[in-house]
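A.B. asks: Got a structure here, written out as structure tokens. Questions coming.
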Amino acid sequence: MRDHALALAVDERRGDGRPREAQRVGPHDDGRDRGPDASQEGEEARVDGRHGRILAKPVALTRPGAASTREGMDARHRDVLIATIREYIDSAEPVGSRVLVKRHFPHLSPATIRNAMADLEDMGYLAQPHTSAGRVPTDKAYRFYVESFPPAQRSGDGALARAPRRAGIEGFMEQASSHLSSASRLTGLLLAPPLKHTTISRVDLMPLEDDRALAVIVTDAGWMTVREITLEPPLGADEVRRVARELTRRFRDRTVEAIVAMEQAPDDPLDALHTRARGVTEQIVAMLRGRTLYVSGAINMLDHPEFWDIETTRQLLRTFEQKERLAELMTSLAADEGVRVTIGDENPVSEMRECTLITSTYMYRDQVLGILGVVGPRRLPYPEVISVVNETARQVTDVLSRVRQDLYLPS
């Protein structure tokens, strides 16, 4: 620590105050590549209980970890970058050199910090939204931050510890999505497991107004999928109930996979279900082939200044409503087991490129069964949020392992 302080003081006495090029790359004098101090990171932030904000902890000068060595960044630039990221996470305002000097580097001059920030801007880690303003982290900076520190340690609070009852599996998944939202103060997402190998027990249709009905599909393991469908052509209430009884008779004790194959090539394409009620049958089969996506806490996005722009928020909320599109995105992210952090422009959905998506797969019989996560601004306390997502996935995996073993089989 003392050696770094002395090196910074010497640089400060130079005429231009800029760092020596030789100090930008290479390991320190002991030749060891040391990672960040996990215990220090565990204390990196404190919570302002009045406003629910994460407040940055002053950054101590540290030796560069593996990430900084790979990037050719010395300890000074790493410390300035980490301090800038944490200040921006806390304030959502561009960060200036005087703020960093006051809160993190009181022994250095603003000119020294400005030079370091200018170097970081040249490296692509910081950006300056206006010439008179401070600087903000880029996606590259957030990626560096994520890879520099492990997730914060989080003890399981047992919020999802109780296994669902036979008819409450869908409610449990909804509860898990809601837990993600409340624990992170972001938008929680959970993609339910595929129904491909699940056996159907019953199909119910409850007539609604305006030629619509509520379709309820119940599996033998207690999973219920509920969705509004359109009655095309319009059907009376008695006819709707007859269609439901016929669908139950036809689908009961069959797997979703068998039902889909059967409806693609029906034995009798002229029977009542494929003439009068063909539109209803097609919508039921589409429900069986799809996957349910639970979205909780979309309103939480309005708590973040990044989404105070009406057009940005409108586009994002429309994306949340397009559940099939979101389900496709989540399915693609589930290809890799474990936690995944998708930041800004890394997101394939253009309307979500102002966001970060943190996801984790949940398991069944040591295979990936589904995926859950949160959506928020790029400006996040990443270690804490990653920990929330990781712990929730662990609890969901644990609960599902105690449900009937024939609940699901991965596709």
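Derivation of every value follows stated rules applied to the coordinates shown; laboratory data play no part. Keep in mind that this is a model prediction, so the values were computed, not measured. Positions of Cβ are backbone-derived with ideal geometry, glycine not excepted, and every protein chain shown enters the neighbour counts.
A.B. asks: In whole Hz, what ³J(HN,Hα) sequence does segment 99-112 give by Karplus (6.51, -1.76, 1.60; θ = phi - 60°), x for Gly and Pro?
C.D. replies: 5, 5, 4, 5, 9, 10, 10, x, 8, 10, 8, x, 5, 4
A.B. asks: Over the Cα atoms of segment 75-148, how large are the radius of gyration and the largest Cα-Cα distance (Dmax), in Å?
C.D. replies: Here Rg and the maximum Cα pair distance are 11.0, 31 Å.
A.B. asks: Between residue 231 and residues 5 or more places away or on another chain, which pairs have amide H atoms under 5 Å apart, with H built 1.01 Å from N, and which residues are they?
C.D. replies: 212, 213
A.B. asks: Counting other Cβ atoms within 10 Å, which trypsin sites (Lys or Arg not before Pro) in segment 305-386 have at most 13 and lie in a DSSP loop?
C.D. replies: Of the trypsin sites (Lys or Arg not before Pro), the ones in loops of segment 305-386 whose Cβ has at most 13 other Cβ atoms within 10 Å are 365.
A.B. asks: Sorted from fewest to most neighbouring beta carbons within 10 Å, what does the list 209, 337 look like?
C.D. replies: Exposure proxy ranking, most exposed first: 209, 337.
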